[in-house]
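Novice: Let me begin by handing over the structure; questions about it come next.
The values are calculated or read from the model by the stated rules, or taken from the named source; none is laboratory data. Keep in mind that this is a model prediction, so the values were computed, not measured. Cβ placement follows ideal geometry from the backbone for every residue including glycine, while neighbour counts extend to all protein chains displayed.
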Amino acid sequence: MIEKDNLKVLTGASAVAEGVKCCNPQVISAYPISPQTYIIEDLAAFVANKRLDAHYILVESELSAISVIAGATAQGVRSFTATSSQGLVFMHEMLHWCAGGRLPLVMVVANRAIGAPWNLWCDQQDILSQRDTGWMQVFANFAQDAMDLVPISYRVAEECYIPTLIGVDGFFVSHTSEPVKLFPKEVVEEFLPTFNFKFALDHNDPFTLWPTLEPVLYHQYRGILFEEHRKALKTWKKAFKEWKDLTGRGYLPVEGYKVEGAKTLFVTTGYLTGTTRWVVDELRSRGKKVGLINLRLIRPFPSEELREMVRDAEILMVLDRAVSYGVSGIVSEEVRAALRGDAPLVKGWVVSTGGREVFPSLIEEVYHRSIRSPQEESTEWI
């Protein structure tokens with residue numbers, strides 16, 4: 001356990017860069033796009049000032065950036081990139097190749113709306129629209145989470161051979177300054193083993209990383225990746241526990257707040273968790289039986305853990321920031337699928353796209369409107 005942490009006020013973007021620095025990536029490649037830019041600017045400064053011994057490769061697009069780090073990782077080199085919004089969408093084809101190639105990459109996504117219309121502000125449509133590419137997805141709520149989740153994600157990705165996206169809500173987390181406890185580099189060295197990619201390409205013993213497979217073998221290969229995603233949940237739990245043992249800061253795939261005795265539960269991802277906790281405290285002070293579920297992981301989705309945590313609740317109010325058009329809010333649909341039709345009822349509320357601010361009054365309105373019709377499962381745009 002660390003006795004004395006170095007407390008420093010950092011934006012979420014700078015906290016990410018500090019976390020990356022301690023993981024010693026040898027290759028960094030990225031293309032600037034708001035609100036991700038400050039992450040890669042800080043990393044560029046670390047390399048220029050020789051605080052990080054890495055190759056910083058300038059490229060002309062996000063597709064090139066991910067191609068560079070995919071090639072580096074395939075050579076057995078720990079690598080890093082970050083992006084947002086249209087940049088992540090531009091990478092879409094390579095996301096499939098990286099997951100199918102079992103490349104243990106880590107990429108931070110500073111969540112931002114996707115056009116059209118053109119918008120520079122935050123929602124989660126960019127990252128959640130990539131949930132079926134084969135990458136794992138974990139979300140930070142605050143700057144401290146954003147830093148801690150970098151070494152944790154490398155640990156899990158490199159143990160499971162599955163790439164990972166870290167969602168950091170743009171501006172609300174990436175640009176907000178908060179007190180952050182820096183971890184000594186020795187902590188990461190103890191927690192994160194030296195990268196040893198057993199499928200690394202070798203010029204002296206050449207093989208094909210992405211072969212062409214006939215249908216039966218392709219089907220079997222994809223089935224293996226499907227099962228490995230399921231097994232990865234145990235690796236996340238193990239990594240979260242070991243990180244807590246080292247730093248005192250614990251995370252879980254599903255995190256509850258005042259769920260005991262709660263009949264109505266909010267469900268959140270990302271920065272909205274903090275605002276919703278405040279609303280839960282307010283409603284509790286008035287005698288309301290309400291609590292909060294924070295989904296830390298979206299892929300692999302912690303279905304059993306969620307079912308266990310909500311077993312005594314009657315209504316779940318999911319605060320969505322991304323939608324599957326014509327169906328539901330994306331997280332609402334994930335929650336419904338995990339519950340398999342069992343109680344509680346799921347009420348989806350699309351509360352914010354394109355950076356619309358979510359004030360406590362809006363979250364409280366969601367609560368009051370949800371309990372007025374306790375028998376109706378629904379999705380509403382509020």
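Novice: Restricting attention to the range 318-342, which residues are in a strand (DSSP E or B), crowded, with 23+ Cβ neighbours inside 10 Å and in contact with a Gly (Cβ under 8 Å, 6 or more places away or on another chain)? Walk me through how you get there before you give the answer.
Specialist: Filtering the range 318-342 down to residues in a strand (DSSP E or B) leaves 318-320, 323-324, 328-329.
Applying the additional criterion that residues be crowded, with 23+ Cβ neighbours inside 10 Å yields 318-320, 323, 329.
Of everything in the range 318-342, those that are in a strand (DSSP E or B), crowded, with 23+ Cβ neighbours inside 10 Å and in contact with a Gly (Cβ under 8 Å, 6 or more places away or on another chain) turn out to be Val318, Asp320, Val323, Gly329.
Novice: Answer yes or no as to whether Gly348 is more than 15 Å from Val254 (Cβ to Cβ), of a type in the set (Gly, Ala, Ser) and touching a Pro at 6+ places or on another chain (Cβ under 9 Å). Spell out the reasoning first.
Specialist: Working: more than 15 Å from Val254 (Cβ to Cβ): yes; of a type in the set (Gly, Ala, Ser): yes; touching a Pro at 6+ places or on another chain (Cβ under 9 Å): no.
Judged against the criteria, Gly348 is not a match.
Novice: Examine the range 75-86 for a residue that is of a type in the set (S, T, N, Q), in contact with a Gly (Cβ under 8 Å, 6 or more places away or on another chain), surrounded by fewer than 17 Cβ atoms within 10 Å (Cβ to Cβ) and assigned by TED's automatic domain parsing to the domain that holds Ile127, and state whether such a residue exists.
Specialist: For the range 75-86, residues of a type in the set (S, T, N, Q), in contact with a Gly (Cβ under 8 Å, 6 or more places away or on another chain), surrounded by fewer than 17 Cβ atoms within 10 Å (Cβ to Cβ) and assigned by TED's automatic domain parsing to the domain that holds Ile127: present.
Novice: Kindly establish whether Thr275 is polar (S, T, N, Q), in contact with a helix residue (DSSP H, G or I) (Cβ under 7 Å, 6 or more places away or on another chain) and outside the structural domain of Gly170 (by TED's automatic domain parsing). Reasoning before the result, please.
Specialist: Numbers: polar (S, T, N, Q): yes; in contact with a helix residue (DSSP H, G or I) (Cβ under 7 Å, 6 or more places away or on another chain): yes; outside the structural domain of Gly170 (by TED's automatic domain parsing): yes.
Yes, satisfied.
Novice: Something else about it: Kindly evaluate Gly134 against the criterion of being in contact with a Cys (Cβ under 9 Å, 6 or more places away or on another chain) and either closer than 17 Å to His175 by Cα or in the same structural domain as Leu10 (by TED's automatic domain parsing) (or both). Break it down stepwise before answering.
Specialist: Details: in contact with a Cys (Cβ under 9 Å, 6 or more places away or on another chain): yes; either closer than 17 Å to His175 by Cα or in the same structural domain as Leu10 (by TED's automatic domain parsing) (or both): yes.
Here the answer is yes, as Gly134 does meet what is asked.
Novice: Go through Phe226, Phe266, Phe301, Phe240 for me and flag whichever is of a type in the set (Phe, Trp, Tyr), in a helix (DSSP H, G or I) and crowded, with 17+ Cβ neighbours inside 10 Å. Steps first, answer last, please.
Specialist: On the way: Phe226 fails: crowded, with 17+ Cβ neighbours inside 10 Å; Phe266 fails: in a helix (DSSP H, G or I); Phe301 fails: in a helix (DSSP H, G or I).
None of the other options fit; the residue is Phe240.
Novice: Restricting to the range 157-173, count the residues that are more than 13 Å from the chain's Cα centre (by Cα) and under 20 Å from Thr269 (Cα atoms).
Specialist: Result for the range 157-173: 2.
Novice: Same structure again: Please verify whether the range 73-81 includes one or more residues that are closer than 29 Å to Trp118 by Cα and either hydrophobic (A, V, I, L, M, F, W, C) or assigned to a loop (DSSP other than H, G, I, E, B) (or both). Let's see the steps before the verdict.
Specialist: Of all residues in the range 73-81, those closer than 29 Å to Trp118 by Cα come to 80-81.
Okay, now just the ones that are also either hydrophobic (A, V, I, L, M, F, W, C) or assigned to a loop (DSSP other than H, G, I, E, B) (or both), so 80.
Yes, the range 73-81 has at least one match.
Novice: Follow-up question, since we're still on this one. Filter the range 345-379 down to residues that are charged (D, E, K, R) and in contact with a strand residue (DSSP E or B) (Cβ under 6 Å, 6 or more places away or on another chain) and give me whichever is farthest from Lys263 (Cα to Cα). Walk me through it before giving the result.
Specialist: Taking the range 345-379 and keeping what is charged (D, E, K, R), we get 347, 356-357, 364-365, 369, 372, 376-377.
If we keep only those that are in contact with a strand residue (DSSP E or B) (Cβ under 6 Å, 6 or more places away or on another chain) as well, we get 347, 377.
Numbers: Lys347: 13, Glu377: 15 Å.
Taking the candidates together, the pick is Glu377.
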